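The values are calculated or read from the model by the stated rules, or taken from the named source; none is laboratory data. Computed from a prediction, not measured in an experiment: that's the story for all the values here. Every residue, glycine as well, gets a Cβ built from its backbone with ideal geometry; the counts of neighbours run over all protein chains shown.
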Amino acid sequence: MKQAIRHAPRWIVRRLTDTYVTLSVAEIAKAIASDVATSSTPEAIQETTLLILSMIEHNEIYATLTPSPETPGTAIVTFRDPPPPKYFDPAVLEKIVRDAQNNNTQLGLLDRDVGKSRAYLNKAVKDKEGSGMAFDDMAEMEMERLRGDWD
């Protein structure tokens with residue numbers, strides 16, 4: 001429980017990144033603080049600044065801090081989207097291509113096995129010749145029967 005309470009400010013900051021592009025450190029401190037009166041103290045703002053720097057350093061959020069032109073002594077936090085994952089590593093690309101080739105081979109084998117299936121071939125021939133009912137026809141007949149039960 002204590003650990004959850006200790007991480008609550010981090011969760012609040014992460015949630016703010018979903019909504020805002022820029023916020024002042026003072027505004028973030030107000031969002032974190034349970035007591036609005038203490039949220040604007042220099043200590044609260046300093047603590048919030050350190051929290052944000054720690055989160056940036058640990059890649060928990062992607063943001064930059066710039067000095068606020070309107071309020072000296074505080075900063076503006078500009079949130080950014082995380083960088084795209086790097087898939088350009090040759091070893092990773094090689095593995096992806098190998099996996100795709102293996103999947104293609106497996107699908108080809110399965111397709112051939114299904115094509116050899118006597119039940120599949122009989123069904124395909126019946127549907128093609130028109131001597132058997134297609135699935136859509138059977139479904140439509142069943143729907144008509146059910147509608148008759150409701151009338």
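For the range 38-59, does any single residue satisfy the condition of being within 27 Å of the chain's Cα centre (by Cα) and at positive phi?
Within the range 38-59 (the criterion being within 27 Å of the chain's Cα centre (by Cα) and at positive phi), the answer is yes, since at least one residue qualifies.
Looking only at the range 63-110, how many residues end up being exposed (fewer than 10 other Cβ atoms within 10 Å of the Cβ), among the charged types (D, E, K, R) and under 30 Å from residue 40 (Cα atoms)?
Count: 2.
At pLDDT below 85 and more than 36 Å from the chain's Cα centre (by Cα): does that describe residue 126?
Values: at pLDDT below 85: yes; more than 36 Å from the chain's Cα centre (by Cα): yes.
Answer is yes for this residue.
Residues checked against (1) touching a residue at least 24 places away in the same chain (Cβ under 8 Å); (2) small (Gly, Ala, Ser); (3) farther than 30 Å from residue 30 by Cα:
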{"residue": "74", "(1), (2), (3)": "yes, no, no"}
{"residue": "83", "(1), (2), (3)": "no, no, no"}
{"residue": "90", "(1), (2), (3)": "no, no, yes"}
{"residue": "95", "(1), (2), (3)": "no, no, yes"}
{"residue": "105", "(1), (2), (3)": "no, no, yes"}
{"residue": "109", "(1), (2), (3)": "no, no, yes"}
{"residue": "112", "(1), (2), (3)": "no, no, yes"}
{"residue": "117", "(1), (2), (3)": "no, yes, yes"}
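For the range 59-117, which residues satisfy the criterion of being polar (S, T, N, Q) and more than 30 Å from residue 13 (Cα to Cα)?
101, 102, 103, 104, 105, 106, 117
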